[in-house]
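Visitor: Encoded as structure tokens, here's the structure I'll be asking about.
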Amino acid sequence: MTTSLSPTAASEALFARARAVTPGGVNSPVRAFRSVGGTPRFIASARGAYLTDADGQTYIDYIGSWGPMILGHDHPAVREAIAGALGSGTSFGAPNAREVELAELVTRLTGAERVRFVSSGTEATMSALRLARGFTGRKYILKFRGNYHGHADGLLVEAGSGLMTNAGELGAAAPSSAGVPEEYAALTLVSEYNDPAALDALMAERGHEIAAVIFEPVVGNAGVLIPTPEFLTALHRVKAAGAVLIADEVMTGFRLSLNGATGLLGLSPDLTCWGKIIGGGLPVGAYGGRAEIMDYVSPQGPVYQAGTLSGNPLAMAAGLATLGALEADPDLYPRLDAYTAALGEGLVNEAQAAGVPLSVNRVGSMLTAFFQDAPHGSVCNYADAARSDTRAFAAWFQTMLARGVYWAPSQFESIFTGAAHTDTELNATLDAARAAFGALPGGTL
């Protein structure tokens, strides 16, 4: 008698082993597939636009390590840069030339006057807020509902992404995570994204207490949410109250343009936070901006921030190679925009043909397909996104995965396209989407 193995047998075995030694079996919550069900795929390798899992199954990848792989996986220039740096050592705990070179490149491309490297996006946003408090002498910060800025305590309030799925367990007035003291969360004020009147009213009442207003220029962790011009204008008005305006470009930095969403949308933040692409897929974050503010950072100033692996030579080499490749290819961003536009249009068409409600939000190489009956591009805030049919999304996700397309395993995430995606991947993706929409209740296939 022959017994056929499950096509996910290796991933299932690894997941069982992982759950015995790691909370939930994963090192970042969304990877556990809790919101979509099934077994998370354990990835063995990646090349170009594709992932290969432990069972040998290959997928078109639309996560790109959650954004940094804009050039594609295992890009030769990045791989060679890391190998070259590796020949000199893995970590020094002392300054090195590559961190100076990357800082010079980042400041030239973005217009920031000073930059400090850290090891993650969470470190970057956490450090920028401490800096804003030290610079202004104020203690309150303001963020927007559904914006996710990493897992520092003061920022896990009305956060997006995986935190949206925790709301039922925590209660409407609680922070987004257990373990965050209400007293600390109370120092974080919350306004509505894309609501300029609400922002103006809050600033009129409490602007004199607010050290910083932090925002995602394009939200990616409540699904892609695109700011209105009126909202962007209101954001810049917070400076009149003495608040530091902080653009969280951990996701959008160098993805939407060489100057991120800041350049694309014409923003003028006081501080900017970066991550993901800035390190070419290795663990890197950074924050930077006006010299007047950045010079408050130790050892130049009184605001302490340190990191053993900050400026790591391997990460700096990967970042230099990635940003260098982006700068050398002026046609890349238009190509990504065109590919992602075609993907969004194709998804809408296939959903419509199958009778499935779908609303796509897209900017540049970022896209979210919201499973709800709303006009195309009209989902503009956290409440809008939360109306999506997460069960329909989960079923659609599973069919896409079975047909070789690795979509973000959450309704409330962006997917990312990259330079390695071509018409071959686009056509295969839309073929899979056609079958996935048709398999939903009410579908026509």
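The values are calculated or read from the model by the stated rules, or taken from the named source; none is laboratory data. Treat the numbers as computed from the prediction; the structure is a model and nothing was measured. Here the Cβ positions follow ideal geometry from the backbone for every residue, glycine too, while neighbour counts run over all protein chains shown. With ligands, DNA and RNA removed, areas are computed over all heavy atoms of the protein, side chains included. Shrake-Rupley method; radii C 1.70, N 1.55, O 1.52, S 1.80 Å.
Visitor: Along its principal axes, what span do the Cα atoms of region 57-149 show, with the longest given first and each in whole Å?
Guide: 48, 37, 25
Visitor: How high is the relative contact order of region 1-160, in percent, with contacts defined as C-alpha pairs under 8 Å that are six or more residues apart?
Guide: Dividing the mean separation by the residue count of region 1-160 yields 11 percent.
Visitor: Another question about this same structure. Nearest 10 degrees is fine. How inclined is helix 97-110 to the longest principal axis of the chain, computing both from alpha carbons?
Guide: Taking Cα atoms only, the helix is inclined about 90 degrees.
Visitor: Then there is this: Can you give me the relative contact order of the chain as a percent, contacts being Cα pairs under 8 Å and 6 or more apart?
Guide: Result for the chain is 21 percent.
Visitor: Accessible area per residue for the chain in Å², computed with a 1.4 Å probe and the full protein assembly in place, what is it?
Guide: 41 Å²
Visitor: Counting only DSSP beta bridges with both residues in the chain, tell me the antiparallel percent, nearest 5.
Guide: 60 percent
Visitor: Once you place label points 7 Å from the Cα toward the Cβ at SER45 and THR424, how far apart are they in nm?
Guide: About 1.6 nm separates the two model spin labels.
Visitor: Mean residue ellipticity at 222 nm from the helices of the chain, using -39,500 (n - 2.57) per DSSP H segment of n ≥ 4 over the full residue count, to the nearest 500 deg cm²/dmol?
Guide: So the helix-based figure for the chain works out to -11000 deg cm²/dmol.
Visitor: Checking the a/c ratio against 1.5 first, then a/b against b/c, what shape does the Cα gyration tensor give for region 210-309?
Guide: Because a/c hits 1.5 or more and a/b fails to exceed b/c, region 210-309 counts as oblate.
Visitor: What part of the accessible area of the chain, given as a whole %, is carbon or sulfur when the probe is 1.4 angstrom?
Guide: Solvent-exposed carbon and sulfur of the chain make up 53 percent of the total.
Visitor: At 0.36 nm per residue, minus the direct Cα-Cα distance, what do ALA341 and GLU80 gain on full extension? Give it in nm, one decimal, please.
Guide: So the chain would gain 90.8 nm between ALA341 and GLU80.
Visitor: Between region 183-210 and region 371-442, what is the C-alpha centre distance in whole Å?
Guide: 33 Å
Visitor: From Cα coordinates alone, what are the radius of gyration and Dmax values for region 1-160 in angstrom?
Guide: Cα only, region 1-160: 20.6, 75 Å (Rg, Dmax).
Visitor: Can you give me the angle between helix 121-136 and the longest principal axis of the chain, using Cα atoms only, in degrees from 0 to 90, rounded to the nearest 10?
Guide: On a 0 to 90 degree scale, this one is about 20.
Visitor: Same structure, new question: With every atom except the alpha carbons ignored, what do you get for Rg and Dmax of region 377-416, in angstroms?
Guide: 11.2, 32
Visitor: Please say if region 397-436 is rounded, prolate or oblate, where rounded means a/c under 1.5 for a ≥ b ≥ c the square roots of the C-alpha gyration tensor eigenvalues, and otherwise the choice is prolate for a/b larger than b/c and oblate otherwise?
Guide: oblate
Visitor: Run the 1.4 Å probe and let me know the accessible area of TRP396, rounded to the nearest 10 Å².
Guide: 0 Å²
Visitor: Mind putting together the pair-distance distribution for region 352-425? All Cα pairs, 10 Å bins, whole percent per bin, short to long.
Guide: With a bin width of 10 Å, the distribution comes to 18, 50, 30, 2.
Visitor: Mean separation of Cα pairs under 8 Å and 6+ residues apart, divided by the residue count of region 1-75: what relative contact order is that in percent?
Guide: Taking the mean separation of contacting Cα pairs over the length of region 1-75, I get 24 percent.
Visitor: Still on this structure, please answer the following. Using only Cα atoms, figure out Rg for the chain and give it as a multiple of 2.2 N^0.38 Å.
Guide: The chain yields a ratio of 0.97.
Visitor: State whether region 236-278 is rounded, prolate or oblate according to the following rule on the C-alpha gyration tensor (a ≥ b ≥ c being the square roots of its eigenvalues): a/c under 1.5 gives rounded; otherwise a/b larger than b/c gives prolate, and the remaining case gives oblate.
Guide: oblate
Visitor: Sticking with this structure for a sec: If one takes the longest principal axis of the Cα atoms in the chain, at what angle in degrees, from 0 to 90 and to the nearest 10, does the Cα axis of helix 196-206 lie?
Guide: The answer is roughly 40 degrees.
Visitor: Of the listed peptides 52-61, 116-125, what is their order by residue-averaged count of other C-beta atoms within 10 Å, with the highest listed first?
Guide: 116-125, 52-61
Visitor: Follow-up. Counting only DSSP beta bridges with both residues in region 207-352, tell me the antiparallel percent, nearest 5.
Guide: Counting DSSP beta bridges with both partners in region 207-352, the antiparallel share is about 40 percent.
Visitor: Return the whole-Å distance between the Cα centroid of region 297-327 and the Cα centroid of region 115-154.
Guide: 17 Å
Visitor: Relative to 2.2 N^0.38 Å, what does the C-alpha radius of gyration of region 325-368 come to as a ratio? Two decimals please.
Guide: Working it through for region 325-368, the quotient is 1.41.
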